[in-house]
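Down below is the structure, laid out as structure tokens.
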Amino acid sequence: MAATAYPRRSGQLVLLAIALGFFVLFLLAPLIAVFVEALSQGIAAYGAALVEPDALAAIKLTLLVAAISVPLNVVFGLAASWAIAKFDFPGKSLLVTLIDLPFSVSPVVAGLIYVLLFGAQGWLGPWLAAHNVQIIFAVPGIVLATTFITFPFVARELIPLMAEQGRDDEEAAISLGANGWQTFRKVTLPNVRWALLYGVLLCNARAMGEFGAVSVVSGHIRGKTNTMPLHVEILYNEYNFAAAFAVASLLALLALATLALKSLLEWRYGVHGKASS
Amino acid sequence: MDISEILVGVSDGRRRRSSFVAPSVIPGFGLTFGVTIAWLSLIVLAPLSALFLRTAGMSWHDFVAVGLSTRALKAYQLSFGASLVAGVINIIFGLIIAWVLVRYRFPGRRLVGALVDLPFAVPTAVAGIALTALYAQNGWIGELLAPLGIKVAFTPLGVVVALIFIGLPFVVRSVEPVLADLGSDVEEAAATLGATPFQTFRRVILPAIGPALLTGFALAFARGVGEYGSVIFIAGNMPYRSEIAPLLIVTQLEQFDYDGATAIASIMLVAAFVLLLLVNLLQRWTRKRGTA
């Protein structure tokens with residue numbers, strides 16, 4: 001860490017003013033606007049917008065989708081980082097690149113690929129219809145699209161850390177007679193637990209907030225396939241702004257809680273060290 | 001070579017494994033590698049190849065008719081152009097913010113540092129409606145700009161504003177660690193040797209942080225090109241004018257024109273892959289220069 005000092009010269013103060021001005025204009029103002037707009041019709045309207053049945057259904061669906069896709073990606077992230085960090089095999093860097101792939105795919109395209117597979121006009125569509133299975137415009141499609149979007153989050157936190165920690169601890173445990181599962185549970189997992197939590201936090205924030213991919217596969221059926229971000233869109237398009245911002249403020253609070261926990265992990269446990277995002 | 005070797009390793013299973021993976025006393029390679037490849041194929045690779053197979057099944061005429069129509073070309077132009085402009089703005093202001101966070105001490109520094117990641121954590125739809133509320137004619141910022149004749153919301157400028165929001169943390173987070181590593185002693189040395197602040201910046205700091213700046217720019221650009229949620233509220237979505245490429249995909253889908261959506265998506269996906277490749281090359285280059 002470079003030495004920091006209070007800015008003294010005028011040039012330094014100008015730089016600080018520009019940085020803070022830009023920060024307030026582009027980051028802080030939108031955040032504040034969410035809460036101001038949410039409370040613009042009073043606290044009673046705010047509460048009513050949140051306990052309305054469609055809003056409650058959206059909240060429940062969002063929690064359900066995150067509760068399925070986050071654990072799936074945790075299992076995947078642990079498996080991938082174990083294979084990649086603890087072993088040497090050809091094609092490793094290609095595999096890492098492929099794991100990162102969903103980050104560079106537009107959310108809309110992520111939704112589209114599942115429509116092409118499972119939609120009515122998709123490849124498996126007729127077969128699924130014949131067997132009465134609905135994936136697109138239903139909860140399974142939302143879970144799939146969310147899982148795709150959040151796919152790399154846990155793995156990319158764990159792979160660099162586990163690679164850095166090396167294999168000595170695990171090799172020592174094995175040579176002392178521990179089996180693979182014991183080694184993982186008692187040696188590896190404690191070594192990476194804060195990074196794992198960090199990955200889960202980011203994964204969860206994205207899973208609950210994903211809009212584009214989910215919007216394509218959801219069908220926007222009120223009370224049935226509407227997640228919280230989609231509910232925000234519907235309310236907004238109906239010019240029900242206060243209610244839209246009320247639901248949005250819940251998501252903004254989730255984002256703030258995520259950032260608070262994330263910062264705590266960075267400061268207290270040195271996770272990530274802000275080395276790479 | 002990579003992929004064929006991976007496939008050989010999977011299909012031959014245990015017998016050939018010893019030659020595929022380097023020997024180790026640590027168990028669990030077969031299980032974890034198998035889970036990784038299976039899950040990756042199921043969730044990412046198979047659905048993505050469905051897109052390309054569908055594109056391959058289209059006639060060239062159909063592909064061009066939608067994928068390269070005037071409306072689509074205008075949409076690519078907006079998506080890539082706005083991402084470029086937002087990326088350049090973020091390079092400048094992202095660098096200043098990173099600089100201030102690393103070098104200066106001021107009240108609220110940690111709070112600002114933590115909130116820089118806001119765009120990573122705030123759902124895109126929430127960002128979209130908040131920015132629209134701010135920049136609309138009667139919004140806090142739109143109200144100030146209206147007398148100057150500047151309209152942001154529901155114009156291409158609105159797209160740029162949304163993409164600045166989305167891309168800013170990529171630049172700040174890429175540059176921050178490099179600036180911290182650089183330390184202020186090299187600047188002091190340059191100043192002692194008689195360099196002006198501008199010379200110090202151009203000759204000493206910029207070469208050191210250049211690769212990180214480029215990486216941050218590329219990440220923000222790639223994200224901006226595919227961005228949907230934060231843009232559609234503020235853009236106004238007028239065809240030929242403020243309609244982004246991802247929205248055009250959604251429009252085609254809503255008209256049940258799967259082939260049209262596929263054509264546009266595959267063009268965007270190829271562009272994204274090229275960008276990803278560039279980012280990886282840049283990062284490798286950055287790392288090499290960092291260790292040299």
*Matching residues in the stretch A:168-183 - criterion: being under 21 Å from A:Phe76 (Cβ atoms) and in contact (Cβ under 8 Å) with a residue 12 or more places away in the chain*: A:Glu170, A:Thr183
*Under the condition of being among the hydroxyl-bearing types (Ser, Thr, Tyr) and within 11 Å of chain B (Cβ to nearest Cβ), which residue from the stretch A:180-214 is nearest to the chain's Cα centre (by Cα)?*
A:Thr188
*Could you please give the count of residues in the stretch B:196-217 that are open to solvent by 30 Å² or more (accessible area, probe 1.4 Å) and among the small types (Gly, Ala, Ser)?*
1
*asked:* On the basis of being facing chain A (nearest Cβ under 9 Å), open to solvent by less than 40 Å² (accessible area, probe 1.4 Å) and either not in a helix (DSSP H, G or I) or not hydroxyl-bearing (Ser, Thr, Tyr) (or both), does B:Ala50 make the cut?
replied: yes
*Would you mind telling me which numbered condition in (1) open to solvent by 60 Å² or more (accessible area, probe 1.4 Å); (2) within 27 Å of B:Tyr135 (Cβ to Cβ) A:Pro53 fails?*
(2)
*Limited to the stretch B:88-99, what total is found for residues that are touching a helix residue (DSSP H, G or I) at 6+ places or on another chain (Cβ under 6 Å) and at pLDDT below 95?*
0
*Pair list, Cβ under 9 Å, 6 or more apart: the stretch B:224-241 residue closer than 16 Å to B:Ala265 by Cβ, other residue part of a helix (DSSP H, G or I) and among the aromatic types (Phe, Trp, Tyr)*: B:Val225/B:Tyr76; B:Val225/B:Phe80
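Residue by residue, here is whether (1) open to solvent by 10 Å² or more (accessible area, probe 1.4 Å); (2) farther than 30 Å from B:Val102 by Cα holds:
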{"position": "A:Glu164", "(1), (2)": "yes, no"}
{"position": "A:Thr188", "(1), (2)": "no, yes"}
{"position": "A:Arg193", "(1), (2)": "yes, no"}
{"position": "A:Ala213", "(1), (2)": "no, yes"}
{"position": "A:Leu230", "(1), (2)": "no, yes"}
{"position": "A:Ala252", "(1), (2)": "no, no"}
{"position": "A:Ala260", "(1), (2)": "yes, no"}
*helices (runs of 4 or more DSSP H) wholly inside the stretch B:177-292 that include at least 1 residues being in contact with a Leu (Cβ under 9 Å, 6 or more places away or on another chain) and within 21 Å of B:Ser69 (Cα to Cα)*: B:206-226, B:229-235, B:245-254, B:258-291
*Of all residues in the stretch B:214-244, which are away from chain A (no Cβ under 12 Å) and of a type in the set (A, V, I, L, M)?*
B:Leu214, B:Ala235, B:Met238
*Do we have B:Phe120 as within 11 Å of chain A (Cβ to nearest Cβ), surrounded by fewer than 23 Cβ atoms within 10 Å (Cβ to Cβ) and over 25 Å from A:Glu233 (Cα atoms) here?*
no
*Within the stretch A:235-248, track down each residue that is over 14 Å from A:Thr62 (Cβ atoms) and either more than 10 Å from chain B (Cβ to nearest Cβ) or crowded, with 24+ Cβ neighbours inside 10 Å (or both).*
A:Leu235, A:Glu238, A:Tyr239, A:Asn240, A:Ala242, A:Ala243, A:Ala244, A:Phe245, A:Ala246
*Given A:Val75, A:Val108, A:Val133, which one is surrounded by fewer than 18 Cβ atoms within 10 Å (Cβ to Cβ) and modelled with pLDDT of 95 or more?*
A:Val75
_Looking only at the stretch B:159-187, filter to residues that are modelled with pLDDT of 85 or more and acidic (Asp, Glu); which one of those is least open to solvent (accessible area, probe 1.4 Å)?_
B:Glu176
*Name every residue in the stretch B:95-113 that is crowded, with 18+ Cβ neighbours inside 10 Å, under 17 Å from A:Leu13 (Cα atoms) and within 9 Å of chain A (Cβ to nearest Cβ), in order of residue number.*
B:Ile96, B:Ile97, B:Ala98, B:Trp99, B:Val100, B:Leu101, B:Val102, B:Arg103, B:Tyr104, B:Val112
*Within the stretch A:123-133, considering residues that are assigned to a helix (DSSP H, G or I) and under 22 Å from B:Phe52 (Cα atoms), the one nearest to the other protein chains (Cβ to nearest Cβ)*: A:Gly125
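Here is a yes/no grid of residues against (1) outside any loop (DSSP other than H, G, I, E, B); (2) touching a residue at least 24 places away in the same chain (Cβ under 8 Å); (3) more than 7 Å from every other protein chain (Cβ to nearest Cβ):
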site: B:Thr132; (1), (2), (3): yes, yes, yes
site: B:Gln137; (1), (2), (3): no, no, yes
site: B:Ala153; (1), (2), (3): no, yes, yes
site: B:Val172; (1), (2), (3): yes, yes, yes
*Is at least one residue of the stretch A:58-67 touching a residue at least 60 places away in the same chain (Cβ under 8 Å), within 25 Å of A:Gly212 (Cβ to Cβ) and not in a helix (DSSP H, G or I)?*
no
*asked:* I'd like to check something: does the stretch B:87-106 contain any residue that is basic (Lys, Arg) and outside any loop (DSSP other than H, G, I, E, B)?
replied: yes
_So A:Ala58 ticks every box in (1) over 27 Å from B:Val178 (Cβ atoms); (2) surrounded by fewer than 18 Cβ atoms within 10 Å (Cβ to Cβ); (3) more than 7 Å from every other protein chain (Cβ to nearest Cβ) but one. Which box is left unticked?_
(2)
*Give the stretch A:74-122 a look and list any residue that's of a type in the set (A, V, I, L, M), more than 27 Å from B:Gly28 (Cβ to Cβ) and more than 7 Å from every other protein chain (Cβ to nearest Cβ), or say none.*
A:Ala110, A:Ala120
*Residue check, B:Tyr104 in contact with a strand residue (DSSP E or B) (Cβ under 9 Å, 6 or more places away or on another chain) and aromatic (Phe, Trp, Tyr)*: yes
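The values are calculated or read from the model by the stated rules, or taken from the named source; none is laboratory data. Every value quoted in this text rests on a predicted model; they were computed, and no experiment measured them. Glycine gets a Cβ as well: all are built from the backbone with ideal geometry, and neighbour counts include every protein chain shown. Heads up: the accessible areas ignore ligands, DNA and RNA and are worked out on the full protein's heavy atoms, side chains in. Shrake-Rupley method; radii C 1.70, N 1.55, O 1.52, S 1.80 Å.
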